[in-house]
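The values are calculated or read from the model by the stated rules, or taken from the named source; none is laboratory data. Everything numeric in this text was worked out from a predicted model, so none of it was measured. Reconstructed Cβ throughout: ideal geometry from the backbone, glycine too, with neighbour counts over all protein chains shown. These accessible areas exclude ligands, DNA and RNA; they are computed on the full protein's heavy atoms, side chains included. Shrake-Rupley method; radii C 1.70, N 1.55, O 1.52, S 1.80 Å.
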Amino acid sequence: MINTSNILSDSFGRKHNYLRISLTEKCNLRCTYCMPESGVVLTPKSQLMTKEEVIDMARLFVNHGVTKIRFTGGEPLLRKDFPEILKTISQLPIELSLTTNAILVDRHIETFKTCDLKTINVSLDTLHPEKFNSITKRDQFDKAFNNIQLLMDEGFNVKLNVVLMKDFNEDEIIDFINFTKDKAITVRFIEFMPFDGNQWDKSKLVSYVEVIEKVRLYFSEEELIRLPNEENFTARNFKIKGYEGSFGIISSVTNPFCDSCNRIRLTANGKLKNCLFSNTETDLLTPYREGESIESIIKDAIFKKKAVRSGMTNLEDFENLDNHSNRSMITIGG
Ligand code: SAM
Ligand code: SF4
């Protein structure tokens, strides 16, 4: 039964129909831009959402108008009850998706198929094994790469997420685009964002404009085709003439897309974040466990959402360290 009183609208009239649920704070990789070098203090298991609670929360949001759910983390496939969560939530009238580092994908292919999970976003920041080891601190390139190939062979719609950083992988932009030549795959270059403990610095940022400049040096005006923006887009998309795949740039730092934002996040310990950049969050799990109705709490939290990046309206705001006192990305769920 759909409840029409819209608790998922904010004061700017944005309706939030896309929920990203983090299933765990744990990960089998240690990407330096995501996981602080000192590690993270893990929430005790008793304070994390159980399988039943994840499912109940998902149902509640769907009853209030959510039409798309993405599982993320940490690494969502590390969770032992992931197949059961996926199977149950796939029965809801929603589009389901997943963001993963692909290391455990081969174990779950049949479940993905059963649950009609079609689009899978995979993080891969480099095409070179030794660079993969240095950014993820784990020797798992072959596993990740072979599983990406497996997903493509099995007909999944694969989007590769590439976080761009100066002196690390900006020299691979053209290689990644050429990777789309004969593969029906989308590569999305993501601007490096600041989170707690990830040593963000403006000088490490590779901006949307810099990506386009590099692309224009290599491909002609005629070869570079701008694709139409999707509804509630985060990526500005392009394709090279004659290439099977496409690429996009997610410019959360230099050119945000907040006007059409429809996304909200639920952390593994049941906190609602109305914006990725917000350093405040709203506890839903405690009142839920105490038997309270959490609808009015959700409504208040979403109504308070700021117009742009939780109040960081320009690039200078990112340089103020106080604005980095957000959780680390690994505990938010990207
Ligand atoms: N473990 C899964 C993975 O790596 O795909 C899912 C969780 S990960 C936190 C989700 C996404 O956040 C990944 O695509 C990752 O590249 C992105 N991400 C993490 N830290 C980031 C940062 N500082 N700036 C931009 N993107 C970031
Ligand atoms: Fe793990 Fe994903 Fe973060 Fe890398 S980006 S440390 S794979 S959660």
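This table checks each residue for (1) more than 13 Å from ligand 1 (Cβ to nearest atom); (2) modelled with pLDDT of 95 or more; (3) over 21 Å from the mean Cα position of the chain (by Cα); (4) not charged (D, E, K, R).
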site	(1), (2), (3), (4)
ASP139	yes, yes, yes, no
ILE148	no, yes, no, yes
ASN157	yes, yes, no, yes
SER203	yes, no, yes, yes
| message | What's the number of the only condition in (1) over 20 Å from PHE71 (Cα atoms); (2) of a type in the set (Ser, Thr, Tyr); (3) within 15 Å of ligand 1 (Cβ to nearest atom) that THR267 fails to meet? | response | (1)
| request: Kindly indicate whether ARG30 is touching a Leu at 6+ places or on another chain (Cβ under 8 Å) and among the charged types (D, E, K, R). | output: no
| Where residues in region 198-216 are out of contact with any helix residue (DSSP H, G or I) (no Cβ under 8 Å at 6 or more places or on another chain) and in contact (Cβ under 8 Å) with a residue 24 or more places away in the chain, which of them is most open to solvent (accessible area, probe 1.4 Å)? | GLN199
| Count - residues of region 193-215 that are assigned to a helix (DSSP H, G or I) and acidic (Asp, Glu) | 2
| field | Residue selected from region 56-104 under the condition polar (S, T, N, Q) and crowded, with 19+ Cβ neighbours inside 10 Å, by the criterion nearest to CYS115 (Cα to Cα) | value | SER97
| remark: Subset of region 217-241, residues over 19 Å from ASN169 (Cβ atoms) and open to solvent by 80 Å² or more (accessible area, probe 1.4 Å), comes to GLU221, GLU222, ARG226, PRO228, GLU230, GLU231, LYS241
| message | Out of the helices (runs of 4 or more DSSP H) lying entirely within region 39-135, which hold 3 or more residues that are within 16 Å of ligand 1 (Cβ to nearest atom) and within 21 Å of the chain's Cα centre (by Cα)? | response | 82-89
| task | Evaluate the following for THR186: is it at pLDDT below 95 and open to solvent by less than 60 Å² (accessible area, probe 1.4 Å)? | result | no
| task | Mind listing just one residue for me: the one in region 240-286 that is of a type in the set (D, E, K, R) and within 27 Å of GLU222 (Cα to Cα) and, of those, farthest from ligand 2 (Cβ to nearest atom)? | result | LYS241
| request: Considering every residue within region 275-286, establish whether at least one is among the small types (Gly, Ala, Ser), modelled with pLDDT of 95 or more and surrounded by 14 or more Cβ atoms within 10 Å (Cβ to Cβ). | output: no
| query | Inside region 109-143, can you point out the residues that are of a type in the set (Phe, Trp, Tyr) and either crowded, with 20+ Cβ neighbours inside 10 Å or more than 17 Å from GLU75 (Cα to Cα) (or both)? | reply | PHE112, PHE132
